[in-house]
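S.K.: What follows is a structure written as structure tokens; I'll ask about it next.
The values are calculated or read from the model by the stated rules, or taken from the named source; none is laboratory data. Quick caveat, the model's predicted, so the values are computed rather than measured. Don't worry about glycine lacking a Cβ; one is built from the backbone with ideal geometry, like all the others, and counts go over all protein chains shown.
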Amino acid sequence: MKIRDLTPVPQFGVGGTDLGIPVRVPTGEIGFFFGDTFAENRVGGPGWRSPVLLYSHTHDLDDGVRFHRAAGGNPAKQLWDYPHNNPEFSTVLPTDAIVIGTRIYLHVLVVRGLPDTRWTEIQYSDDNGETWTHGGPKARWEGWEFGGHRRMLTWERGGDGFVYVMTTGGLERDKNVLLFRCPEDQLLNRDFYEPWGFRNGAWAWGNPPTPILPVGSKVGELCLRRMQNNWVLSYFNEAEYNITIRVVGQITDNWHTAPTFRPVRGPSGNGGPDVVARLYGGYVHPDSTFDNFHIIVSEWAESGWPYRAMQFRVQVQPAVPIEEDEHMSAREVAAAFRDDHPVALYDGSGRKLDLREAIAEILWKEVTNLGLEGRPVPADRKDDQFGHILSTHALAEQNNKLLRALCEKAGIDVDEVLT
């Protein structure tokens with residue numbers, strides 16, 4: 001079921017655009033990475049930018065995603081400077097992003113015309129997406145590598161110190177999918193990407209890569225996510241002309257026989273609410289659950305319009321029983337906050353914080369924000385009246401924020417609680 005069109009977004013100078021890859025960024029907001037973006041509601045024209053990043057505080061997905069700010073200000077800026085249609089390439093297109101600690105890694109295609117992929121590379125941001133740095137010479141792959149199967153990419157943390165990476169071809173959308181893994185702290189070093197493959201009668205890491213989807217698969221944009229004890233791969237299926245979603249329990253399970261869903265499709269003679277004429281994309285919203293599963297689908301027309309990203313709610317079932325985290329995750333806690341002092345989601349080694357650690361981080365941030373650290377007079381001195389006032393203020397702010405976070409987790413209307 002279509003929820004709404006996410007674009008155009010005229011308040012941020014976004015007219016025709018596509019992709020809208022949603023990723024939870026370190027502040028707890030959802031960042032949406034868009035491809036070729038124009039000022040007018042069509043393909044082409046003034047204001048050509050790519051990639052573009054918009055942010056959303058929307059977590060009640062059934063109400064439809066709304067955007068409240070853009071990277072670079074208003075209008076939304078291209079994330080880093082380069083001239084389009086230069087002698088080397090014409091544009092840069094995002095394929096997926098991942099957050100480790102407070103760093104965002106963004107993988108992009110560098111193309112010369114469509115569909116010619118020159119190379120792919122990784123850029124990263126340490127300030128929530130406002131400024132970007134190239135990952136260096138080891139964070140680049142040529143378009144011909146792996147027989148053209150390492151162009152579009154998606155990735156997800158495995159919770160075991162590795163990032164699991166799936167790759168396919170470029171905008172031709174005519175390749176199968178390869179699987180790799182890489183240590184979380186080595187994403188910018190191509191030498192550490194280890195393939196998964198079948199050799200001498202067995203599958204193993206370190207073997208030459210073997211396509212993991214059924215023979216004849218033709219994959220376009222793809223999105224790998226780990227949720228509720230399951231692995232989900234959502235992708236544009238060029239062979240069937242639909243969005244296909246496969247679900248397994250373990251990343252190395254048999255993706256050929258995985259439970260498979262086809263919730264959004266191209267025209268086949270029969271209309272319906274989940275038919276999109278010229279569709280692609282299929283990115284999973286990070287707030288999705290198997291009870292409330294949302295994807296972002298793109299559409300374009302040869303006439304130039306529609307050229308947009310849309311939000312759909314779809315039906316997908318888990319492959320193995322759902323297991324919830326023992327503690328509320330730091331991501332969920334962070335999502336409840338709306339100020340400029342975000343809670344860290346991971347410690348310095350990249351390990352996800354649990355609820356107790358997240359609360360400790362919240363308290364530290366609030367105390368620091370309210371000026372209780374670094375003051376000439378210790379806040380616990382009996383004669384420090386100003387310190388006592390600050391301490392009382394800090395305690396009230398802490399309690400208010402923790403109450404809001406816990407109410408949001410439990411699905412309780414916080415405003416009713418506070419009135």
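S.K.: So PRO94 fits all but one of (1) surrounded by 17 or more Cβ atoms within 10 Å (Cβ to Cβ); (2) without any contact (Cβ under 8 Å) to a residue 60 or more places away in the chain; (3) touching a strand residue (DSSP E or B) at 6+ places or on another chain (Cβ under 7 Å); what number is the exception?
M.R.: For PRO94, the exception is condition (2).
S.K.: Then there is this: Restricting the stretch 27-60 to residues that are part of a strand (DSSP E or B) and of a type in the set (A, V, I, L, M, F, W, C), which is farthest from HIS285 (Cα to Cα)?
M.R.: Ranking the candidates gives VAL52 first.
S.K.: What's the number of the only condition in (1) touching an Asp or Glu at 6+ places or on another chain (Cβ under 7 Å); (2) surrounded by fewer than 20 Cβ atoms within 10 Å (Cβ to Cβ); (3) not aliphatic (A, V, I, L, M) that HIS107 fails to meet?
M.R.: Only one criterion in (1) touching an Asp or Glu at 6+ places or on another chain (Cβ under 7 Å); (2) surrounded by fewer than 20 Cβ atoms within 10 Å (Cβ to Cβ); (3) not aliphatic (A, V, I, L, M) is unmet by HIS107, namely (2).
S.K.: For the list (1) surrounded by fewer than 23 Cβ atoms within 10 Å (Cβ to Cβ); (2) farther than 17 Å from VAL297 by Cα; (3) not charged (D, E, K, R), I need the number of the one condition that ILE3 fails.
M.R.: (2)
S.K.: Can I ask one more? What are the residues in the stretch 188-223 that are among the β-branched types (Val, Ile, Thr) and surrounded by fewer than 19 Cβ atoms within 10 Å (Cβ to Cβ), if any?
M.R.: The answer is THR210, VAL215.
S.K.: Does any residue of the stretch 129-138 turn out to be buried (at least 20 other Cβ atoms within 10 Å of the Cβ) and at positive phi?
M.R.: Yes - at least one qualifying residue is present in the stretch 129-138.
S.K.: A further question on this structure: I want to confirm something. Restricting to the stretch 152-168 and keeping residues that are surrounded by 23 or more Cβ atoms within 10 Å (Cβ to Cβ) and of a type in the set (Ser, Thr, Tyr), which single residue is farthest from the chain's Cα centre (by Cα)?
M.R.: Checking each candidate, the answer is THR168.
S.K.: In this structure, is ASN74 surrounded by fewer than 17 Cβ atoms within 10 Å (Cβ to Cβ) and over 13 Å from the mean Cα position of the chain (by Cα)?
M.R.: Answer is yes for this residue.
Quick grid of which residues meet (1) farther than 18 Å from THR117 by Cβ; (2) assigned by TED's automatic domain parsing to the domain that holds THR117; (3) in a strand (DSSP E or B); (4) not β-branched (Val, Ile, Thr):
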site	(1), (2), (3), (4)
GLY159	yes, yes, no, yes
GLY169	no, yes, no, yes
LEU188	yes, yes, no, yes
THR210	yes, yes, no, no
